[in-house]
1. (1) under 16 Å from the mean Cα position of the chain (by Cα); (2) surrounded by 19 or more Cβ atoms within 10 Å (Cβ to Cβ); (3) assigned to a helix (DSSP H, G or I): which one isn't true of Asn366, the others all being true?
2. Criterion first (surrounded by fewer than 24 Cβ atoms within 10 Å (Cβ to Cβ) and either aromatic (Phe, Trp, Tyr) or modelled with pLDDT of 95 or more (or both)) does Thr107 satisfy it?
3. Would you pick out the residues in segment 369-381 that are part of a loop (DSSP other than H, G, I, E, B), exposed (fewer than 15 other Cβ atoms within 10 Å of the Cβ) and not acidic (Asp, Glu)?
4. Return a yes/no flag: does segment 287-304 have any residue that is outside the structural domain of Gln141 (by TED's automatic domain parsing) and exposed (fewer than 15 other Cβ atoms within 10 Å of the Cβ).
5. Could you tell me which residue of segment 16-31 is surrounded by the fewest Cβ atoms within 10 Å (Cβ to Cβ), considering only residues that are assigned to a helix (DSSP H, G or I) and not polar (S, T, N, Q)?
6. Residues that are in contact with a strand residue (DSSP E or B) (Cβ under 7 Å, 6 or more places away or on another chain) and either within 21 Å of Gln177 (Cα to Cα) or modelled with pLDDT under 95 (or both): does segment 58-74 have at least one?
7. Here are some conditions: (1) over 18 Å from the mean Cα position of the chain (by Cα); (2) surrounded by 13 or more Cβ atoms within 10 Å (Cβ to Cβ); (3) basic (Lys, Arg). Arg359 meets all but one. Which one does it not meet?
8. Please count how many residues of segment 170-189 are crowded, with 24+ Cβ neighbours inside 10 Å and not hydroxyl-bearing (Ser, Thr, Tyr).
Amino acid sequence: MGMVGGGKDAFIGAIHRIAANMDGMIELVCGALSINPDVAKDSAKSLFLPESRTYLTYEEMIKAEAALPADQRMDFVTIVTPNFAHFAPAMMALEHGFHVVIEKPITFSLDEAKQLQQKVAETGLLLCLTHTYSGYPMVKQAKQMVKENAFGKIRKVVVEYPQGWLSKLSEREGNAQAAWRTDPKRSGKAGSMGDIGTHAAHLAEYITGLKITQLCADLNIMVPGRMLDDDGNVLLRFDNGAAGVLIASQIAAGEENNLRIKVYGEKGGIEWSQQEPNTLWVKWLDQPMQVLRAGSNYGAHLSSFATHNARTPGGHPEGYLEAFGNIYRNFALTLSARIAGTSPSAEAMDFPGVEDGIRGMAFIDNVVASAGMDTKWKTFEV
């Protein structure tokens, strides 16, 4: 793979590299790692990239790599820049025949996302969107149980994502991560809803297999002087008639990364928490609650999708990095099968793509529009 962004002064780039390297299937061979030339060069040197494949711009990288023989050029590019800088390198990569892995949200605007969707359809290339939380084994177990109708018709979805790290005006105190995430010119039209609300919405649709059709949103700026929402609440309606509640807040002081989801059907439901990711609580209307645990040795009790994404036997904690690694591994398995002319398994093809990106950008647009309306419900438009 090649990488755009993610130099030594960035957080998420290192996460992507660890995840990509976890299974020994992916090698970082080139990069345009920063818009700062010195940072780009120093970062590449620390990652043992040759000078000949250390680039100062993504345009230079994509053109140079496309000119190399097929067995020497990168197979795909990973884009880990801030939101406003996703679209251009992704589009250029697709136009030059490269597959793409991209951080969420997929683009700066819904229009840009639709352009990428069209280009993916035209080229037939793969695009993977790193919605990390869909990579956890017990999230995949929950999805399969809902898909197999274990709980009957889904009626209620409650998903919440509280963080506390923006409880102060950190963007004015030298926090680079806070600075771009709260800047509408770099982040987009939403703050917390764009950053973590999209994760919550994706998780709700991913596990249930349902689509949001209507919403009623309340967005708040709780820290004086902030330009984008740092807190919000959304009522949801889904395409099967189910009701939902989504909470996304980055001013929940004391919270770390407490993403949690509950899904209820006619006969029971599930609960999963990102801070206890190996556990899935399964609740039944007419029998005691079950506690399912992740483990590669639990094939008789878990779905193939769960065990495919479990790396260790039960009792060995698998967390954020492993979930991220699962997305990269499934993408790599799918891409390797394509290169070899074979068919990947259904488990390998289970990673977020451009359609998920469209839904995420539409979620942001609809939430922001709903928050500014006097009417209660807004039809979800894509």
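The values are calculated or read from the model by the stated rules, or taken from the named source; none is laboratory data. It should be emphasised that the depicted structure is a prediction, and the values quoted were computed from it without experimental measurement. Glycine also receives a Cβ, built like all others from the backbone with ideal geometry; neighbour counts cover every protein chain displayed.
1. (1)
2. no
3. Within segment 369-381, Gly372, Met373, Thr375, Lys376, Trp377 qualify.
4. No - not one qualifying residue is present in segment 287-304.
5. Ile18
6. No: segment 58-74 contains no residue that is in contact with a strand residue (DSSP E or B) (Cβ under 7 Å, 6 or more places away or on another chain) and either within 21 Å of Gln177 (Cα to Cα) or modelled with pLDDT under 95 (or both).
7. (1)
8. 2
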